[in-house]
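Data first, discussion second: the structure below is written as structure tokens.
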Amino acid sequence: MRFPIGFTMAQMRHRNRMTRLGHKRYPTVLMLEPLYTCNLACLGCSLERHTGKLKDRMPLEKCFQAVDDCGAPIINLCGGEPTLYPELPQLVQGLIERRKYVLCCTNALLLDKKVFGVIPPHPQFYLMIHLDGMRQTHDYVCGREGVFDRAIAMLKEAKRLGYVVMVNTTVFKETEVAEVEEMCKMAEELKADGILLSPGYEYESVERDIFLTKEQIHEKFKAIREFSSKYKINATPYFLEFAAGMRELPCAPWSTVNYTPQGWKAPCYLIGERFIESWEEFWNDTNWEYWESRLNPACQNCKMHSGFEHSAVEEAMKSWKGKIQLAVWSISK
Ligand code: SF4
């Protein structure tokens, strides 16, 4: 299966519950950024997301408050580098007790010191290892030599120890499609539990010229789509069609909400027009209809997984053909 059965069931239960309650919009994923401190300064990362001081990190209570307020079943721990968050073991434990699925997005450099032997493997705890290509590309994107080799060593060790491990890849301008396939092949050989592929998109505070234009995204994802069925790629068929320019979708920025050390980021993970402390104010006062329409100039080239995967699933669920395609995709690897 593309995702472990428990993960898929948790999402389905959440969707059914929200539908029963009559909610048209609801979050499924919380991108929780407990700190903006990092041990790398990757080219694709905004300055603010890796230069924060550890002392400015979010207290545990605020993390849990955000989790309880939004009610999403999937918590994506990012930042910053989450393994640098001193309270990570308590945070993960508290989330598992709340029956959440926890995806820890990490560069993997410190897994042996901060996770192995500290946070035990658990079916609700996933290590999402950042890998933006093979050695040369990944080290270039991370701005440091040796990061790729270290990440691979940690991935192997994590699998040996029994963790659920996924690979998290952003496709940049520099990334050759052949290299993406080489990396998918390698991830399968290393027994990674899945590969999350997303197109890199230039957003507000990242000014480097490494991001894809819409046409480049279409071109690369058309080619990626060709080989996607051979590997455990976690993007759904409709999302891959959207990324390849073969279908249009509305954005669903509310499906993946983002809580940062400055508060709820509105409207989405990429655009921080406002940072709001109160969940009610964030949820009720953001003009979701406007952001769904993608009329804002900042949305024109965006094909981000966080904005569109929910719409891709909803679109598939509208027809029997889509439902069958989704079901076959779920069990095909
Ligand atoms: S299209 Fe959606 S996810 Fe992309 S920038 Fe606009 S609101 Fe954010």
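Odds and ends about this structure:
- Conditions (1) more than 12 Å from the ligand (Cβ to nearest atom); (2) modelled with pLDDT under 95; (3) over 19 Å from the mean Cα position of the chain (by Cα); number of the one not met by Glu314: (3)
- Index of the failed condition, Pro261 passing every other in (1) away from the ligand (no atom under 16 Å from the Cβ); (2) under 25 Å from Thr28 (Cα atoms); (3) surrounded by fewer than 17 Cβ atoms within 10 Å (Cβ to Cβ): (3)
- Within this structure, Thr256 passes the test of being within 16 Å of the ligand (Cβ to nearest atom), over 28 Å from Asp149 (Cβ atoms) and not aromatic (Phe, Trp, Tyr).
- Members of segment 275-301 that are in contact with a Ser or Thr (Cβ under 8 Å, 6 or more places away or on another chain) and within 13 Å of the ligand (Cβ to nearest atom): Asn301
- A single entry from Val141, Val92 fulfils the requirement of being hydrophobic (A, V, I, L, M, F, W, C) and at pLDDT 95 or above: Val92.
- Of all the criteria given as (1) more than 16 Å from the ligand (Cβ to nearest atom); (2) of a type in the set (Val, Ile, Thr); (3) modelled with pLDDT of 90 or more, the one not satisfied by Ile331 is (3).
- Residues of segment 216-253 satisfying the condition of being free of Cβ contacts under 8 Å to residues at least 40 places away in the same chain, within 16 Å of the ligand (Cβ to nearest atom) and surrounded by fewer than 16 Cβ atoms within 10 Å (Cβ to Cβ): Gly245, Glu248
- Among (1) out of contact with any Ser or Thr (no Cβ under 7 Å at 6 or more places or on another chain); (2) touching a residue at least 24 places away in the same chain (Cβ under 8 Å); (3) within 14 Å of the ligand (Cβ to nearest atom), the one test that Met304 misses: (1)
Each row is one residue, and each column tells you yes or no for (1) crowded, with 21+ Cβ neighbours inside 10 Å; (2) closer than 30 Å to Arg57 by Cβ; (3) among the aliphatic types (A, V, I, L, M).
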| position | (1), (2), (3) |
| --- | --- |
| Ala266 | yes, yes, yes |
| Leu270 | yes, yes, yes |
| Phe275 | no, yes, no |
| Trp279 | no, yes, no |
| Cys302 | yes, yes, no |
| Glu309 | yes, yes, no |
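- Qualifying residue in segment 5-21 (condition: at pLDDT 95 or above and in a loop (DSSP other than H, G, I, E, B)): yes
The values are calculated or read from the model by the stated rules, or taken from the named source; none is laboratory data. What you are looking at is a predicted structure, and each value in this text was computed from that prediction instead of being measured. Glycine gets a Cβ as well: all are built from the backbone with ideal geometry, and neighbour counts include every protein chain shown.
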